[in-house]
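Everything below concerns the one structure shown next.
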Amino acid sequence: MTKNSCGGVVAGVAKLPNLARFSLSDNCLRSLPNCVGSMLSLTMLDLERNEMDQFAPIHMLQNVKILKLKRNFLKNIPPEIEKMRALEYFDVSENQVCVYEVTGLIRLVRA
C-alpha cells in the first residue's frame, strides 16, 4: 500500500491473519491506523516517509523484527518500544527526535 497518498487504510487488510510484511510508506499518514494494532503476525512494518508526529502504540506487535519510521515528524521515542522483544532493526532517522527515553534498545546497537 505504498505511495497511495490517501492517508487511509482499508480495514480488510488487517483481517489477513498470516500477513508478515506490511508497508505503509509514502501515504501521508499522520497516525497509525487502528487496524494495524491487531496484525499480530507482522514481522516487518514500514511507516517511512509519512507525517506521523506521535509514536504509534505498536508495542503490542511482539513479532515485529523490522520497524521503519524514517522521515516522519517524530519528536520522541517512548519507553514502551522496549516491549518489542523481537525487534532487530529500528530506524527513526531523519525525524526530529530530541527525547530518547529508552535505555533497553542498546541491544540493537552492534559494532
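Subtracting the Cα-Cα distance from 0.36 nm times the residue separation, let me have the gained length for K15 to S93 in nm, one decimal.
25.0 nm
Can you compute 3J(HN,Hα) from phi for each residue in segment 63-79, using the Karplus curve 6.51 cos²θ - 1.76 cosθ + 1.60 with θ = phi - 60°, rounded to whole Hz and x for Gly and Pro?
Once rounded to whole Hz, the list reads 9, 5, 9, 10, 10, 10, 10, 4, 6, 10, 10, 5, 10, 8, 10, x, x.
If you place +1 on the Cβ of every Lys and Arg, -1 on the Cβ of every Asp and Glu, and leave all else neutral, what size is the dipole of segment 11-108 about its Cα centre, to the nearest 20 Debye?
Roughly 240 debye, rounded to the nearest 20.
Hey, which aspartates and glutamates would be in cross-link range of K83, C-alpha to C-alpha under 17 Å, not counting anything within fewer than 8 residues on its own chain?
Excluding near neighbours in sequence, the set is D91, E101.
Pick out, from F22, L69, P33, the residue whose Cα sits farthest towards the positive end of the charge dipole of segment 11-108, with +1 on the Cβ of Lys and Arg and -1 on the Cβ of Asp and Glu.
F22
Calculate, in nm to one decimal, what Q54 and F73 gain on full extension: separation in residues at 0.36 nm each, minus their alpha carbon distance.
Here the answer is 6.1 nm.
Cα gyration tensor of segment 11-108, axes a ≥ b ≥ c as square roots of the eigenvalues: rounded (a/c below 1.5), prolate (a/b > b/c) or oblate?
oblate
Every number in this text was worked out from the coordinates using simple rules, so none of it is lab data. Bear in mind that the values here come from a model prediction, so they are computed numbers and not experimental data. All Cβ positions, even for glycine, are placed from backbone atoms using ideal geometry, and neighbour counts span all protein chains on display.
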